[in-house]
Amino acid sequence: MHDFAAILVTHGLFTRFPRLKFAFIENGALWVGPLLHDLQVVHMQHPGMFAQNPVDQFHRNCWVAPFVEDDVAELARHIPTERILFGSDWPHAEGIAHPRDFFGLIESFSDSDVRKIMRDNARELTFA
């Protein structure tokens, strides 16, 4: 996922199509932090390589659904809460048998952010 997402950003997909919305689902979120670090390093090492900051492009155009095992608070340190999606594809491995159990993974978030993760972000992704 790291390499695929890097290609989307570095090849200018989101600068050519700034309103494009891209969701990473059934891939977890452990790759997001290292990707954004790498993009920022490349951006700093090669000024002018990107028409727009590559991390800003990812933040604007990409949504991520973490696995149940992922640390959602850690993901929120890398991307805006508005780009985190709840998802459950039970009985597949990335799903959760009782979707309400996901609330336990985001109990450190504000009520507003919980609402975004559990409902509003998916609505923005699909209907806005």
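Annotations for the structure displayed:
- Subset of the stretch 1-37 that is over 15 Å from Gln57 (Cα atoms) and among the hydrophobic types (A, V, I, L, M, F, W, C) - its residue that is surrounded by the most Cβ atoms within 10 Å (Cβ to Cβ): Ala29
- Screening the candidates Val68, Val55, Val72 for the property of being open to solvent by less than 70 Å² (accessible area, probe 1.4 Å), at pLDDT below 95 and either in contact with a Cys (Cβ under 7 Å, 6 or more places away or on another chain) or of a type in the set (Val, Ile, Thr) (or both) yields one hit, Val68.
- Number of the condition not met by Asp111 [criteria: (1) of a type in the set (Asp, Glu); (2) modelled with pLDDT of 95 or more; (3) touching an Asp or Glu at 6+ places or on another chain (Cβ under 9 Å)]: (3)
- Residue in the stretch 25-41 that is of a type outside the set (Val, Ile, Thr), under 21 Å from Ala128 (Cβ atoms) and in a loop (DSSP other than H, G, I, E, B) present: no
- Looking across Arg77, Arg123, Arg115, Arg83, one residue alone is in contact (Cβ under 8 Å) with a residue 24 or more places away in the chain and open to solvent by 90 Å² or more (accessible area, probe 1.4 Å). It is Arg77.
The values are calculated or read from the model by the stated rules, or taken from the named source; none is laboratory data. Nothing here was measured: the structure is a model prediction, and the numbers come from that model. All Cβ positions, glycine included, derive from the backbone under ideal geometry; neighbour counts span all protein chains shown. Please note that ligands, DNA and RNA were not included when accessible areas were found on the heavy atoms of the full protein model with its side chains. Shrake-Rupley method; radii C 1.70, N 1.55, O 1.52, S 1.80 Å.
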